[in-house]
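Remarks on the structure that follows.
Here, each number is a calculation from the coordinates, and none is a lab measurement. Remember, it's a predicted structure, so these values are computed and weren't measured experimentally. Here the Cβ positions follow ideal geometry from the backbone for every residue, glycine too, while neighbour counts run over all protein chains shown.
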Amino acid sequence: MKVIIKPNVLKGEVNAPPSKSLSHRAIIAAALAKGQSKIENLIFSQDIKATCDAMQNFGINVNKYNNYIEVLSEGNLRAPARLINCYESGSTLRFLIPFGAMVESAVTFEGRGKLKTRPLTPYFNIFDKQSIRYDYRDSLPLVVDGKLKPGRFEISGGISSQFITGLMFVLPLLDGDSEIIISSPLESKGYIDLTLDVLKNFGIDVENDNHQTYRIKGSQKYRPNDYRVEGDYSQAAFWIVAGLIGDRICLKDLKFDSRQGDKEIVDIAQRMNGALQIEKDNIIVRRSETKGIVIDASQCPDIIPVLTVLAALSEGKTEIINASRLRIKESDRLKAISTELNKLGADVREKDDGLVVYSKKDLEGGEVDGWNDHRIVMSLAIASIRCKNEVTIIGSDAIKKSYPTFFDDFAKLGGDVHAE
């Protein structure tokens, strides 16, 4: 699928979609709680469907409605009758692999696209240490067969925080106490904060020692809860940039005291001289003469592609540093966003662990590829606002992974877009 966008300024009001990160976590926590829970304000993107389906395969009753689910659980997991298909959802896979070591028989995890080869070494190190059997031949499927035991788990802070979250879900259920030791500075702390908040909401206590050690008592029980998912700053970032390079946009349903790491978009935009006004749970953005700065990607990797768009249209030079982990996302996002923005007429130069972006007043337009990556597709769509000619995005249906209504909202704000 491809979309063709005629350049047009966006303006108006839009609701921030619900946080995908919190949606995954709340669904899983509800599935582990004995009783009935309701998770409200959901969008059933491909990733969220993958997590719902996975929990059903583990024997949990998940009833889907228009924008919420009801979860009825007996508080324990059953061995799945069929494999767990995570599709392209890294969160689903990495959060749930430890669940495969909580049931009586072997569990098979499958996926597609780049997920099949995304790194899983931290879990393999744990399995080797605990003599848990697994079968993995440099690509999914992965078969896990064994029982996880409580103890001391040492994990590097420079890898994905998803491994830490996956352990945090299951360690409270074991019959002994555990510790997770972070052996190097922790990146993406905000994602761990989200996990800790959701666990607390569902009755689980984790002692956090300055994000260096997490102490987790065993034999805890999840409590059912009704939970509303807050708006997503990583998706709101697209509309914030759209307002800064276009016209006034009011973003609704964004919790200002959110623990989301991608809330960093607000600070970064303001440091770039962006005009943002915060009113309760709304953010109002106005067109601004933004300026280049140094952006540290270590705590907010998901917003880097769209920030590269903003940098390309900001005065001076922008340096994006500590971004090497972007190379192992749905695409190599450093290469993807630099390659495709340059096709549109930007001046983006790739480094091993970041980007250097030089200012252009406007971009030219043209045909670009979405690299089967939702964040690349949406970033390129936002870049079209400041192009002189129309932009054609090949592979635009990648947005279904996280934000299937993105182009509906784009059109609602005045975008001239049609699909072919």
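Side notes on the structure shown:
- q = 0.10, 0.15, 0.24 Å⁻¹, the stretch 295-396: log10 I(q)/I(0) [Debye, one scatterer per Cα]: -0.22, -0.50, -1.30
- Going by neighbour counts of Cβ atoms within 10 Å, the residues THR308, THR339 line up, fewest first, as THR339, THR308.
- Structure remark: mean-square fluctuation, Gaussian network model of the chain, C-alpha springs under 10 Å; the largest value among PRO18, PRO404, PRO185 belongs to PRO185.
- Listed from fewest to most Cβ neighbours within 10 Å, the set THR290, THR213, THR121 follows the order THR121, THR213, THR290.
- Our summary gives the stretch 20-228 a relative contact order of 22 percent, counting only alpha carbon pairs under 8 angstrom and 6 or more residues apart.
- The value of relative contact order for the chain, using C-alpha pairs under 8 Å at least six residues apart, is 20 percent.
- Viscosity 1.002 mPa s, 20 °C: Kirkwood-radius Stokes-Einstein D of the stretch 148-271 over Cα pairs, µm²/s: 132 µm²/s
- Length-normalised contact order for the stretch 119-163 - Cα pairs under 8 Å, 6+ apart - percent: 33 percent
- Of the residues GLU264, GLU40, the one with the fewest other Cβ atoms within 10 Å heads the list, and the complete ranking is GLU40, GLU264.
- Choice from ASP47, ASP226, ASP262 with maximal GNM fluctuation in the chain (Cα, 10 Å cutoff): ASP226
- By the compact-protein rule of thumb, 2.2 N^0.38 Å, the alpha-carbon radius of gyration of the stretch 20-228 corresponds to a ratio of 0.93.
- Ratio Rg/Rh, restricted to the chain and using Cα atoms, in which Rh is the Kirkwood radius: 0.97
- Taking the stretch 20-228 as the region of interest, the number of lysine pairs whose Cα atoms are within less than 20 Å, with members eight or more places apart or on different chains, is 26.
- Helix-only arithmetic for the chain: the sum of -39500 (n - 2.57) across DSSP H runs with n ≥ 4, divided by the residue total, places the mean residue ellipticity at 222 nm at -8500 deg cm²/dmol.
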